[in-house]
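Remarks on the structure that follows.
The values are calculated or read from the model by the stated rules, or taken from the named source; none is laboratory data. Remember, it's a predicted structure, so these values are computed and weren't measured experimentally. Cβ atoms come from the backbone with ideal geometry, glycine included; neighbour counts cover every protein chain shown.
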């Protein structure tokens, strides 16, 4: 398992077998936040190899992909990078979260997912998981 190394800019990975979906997500995210490092892959096995070499803040996966579904992929991500926020994108007919193993994903969004909702979800996740990126939010906190 790779040790957690602070990343200067948020690093996001999107895995989906639909190249048009990947391109649309990449464009929307880069337009919204130029400092975000966005990588996309259409093969979950290649993504697992990449995750073994490089830390990510956010990993987003489609549920239905050939060869490996998104639940199995995000389970592998959780084992390799437990600190990465995991987002599962479903076509609305995804697994019931009540029967899912704990910790497989942090957020579930239905496809087609509005770009604004995706960006807001990632912003919220980064604010919670990377307080170093949001010093103004932490300045208001007082020690107990």
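Scanning segment 105-127 for residues that are out of contact with any strand residue (DSSP E or B) (no Cβ under 8 Å at 6 or more places or on another chain) and at pLDDT 90 or above gives 114, 115, 116, 119, 120, 123, 124, 127. Using the structure shown, decide if residue 50 is at negative phi and within 13 Å of the chain's Cα centre (by Cα). Considered against the rule, which asks whether it is at negative phi and within 13 Å of the chain's Cα centre (by Cα), residue 50 comes out as no.
Name the single residue that is surrounded by the fewest Cβ atoms within 10 Å (Cβ to Cβ) among those in segment 9-35 being in contact with a helix residue (DSSP H, G or I) (Cβ under 6 Å, 6 or more places away or on another chain) and over 20 Å from residue 91 (Cα atoms). Only one residue tops the list, namely 32. Here segment 80-104 is the region considered, the condition is being touching a strand residue (DSSP E or B) at 6+ places or on another chain (Cβ under 9 Å) and modelled with pLDDT of 90 or more, and the residue that is farthest from residue 124 (Cα to Cα) is 81.
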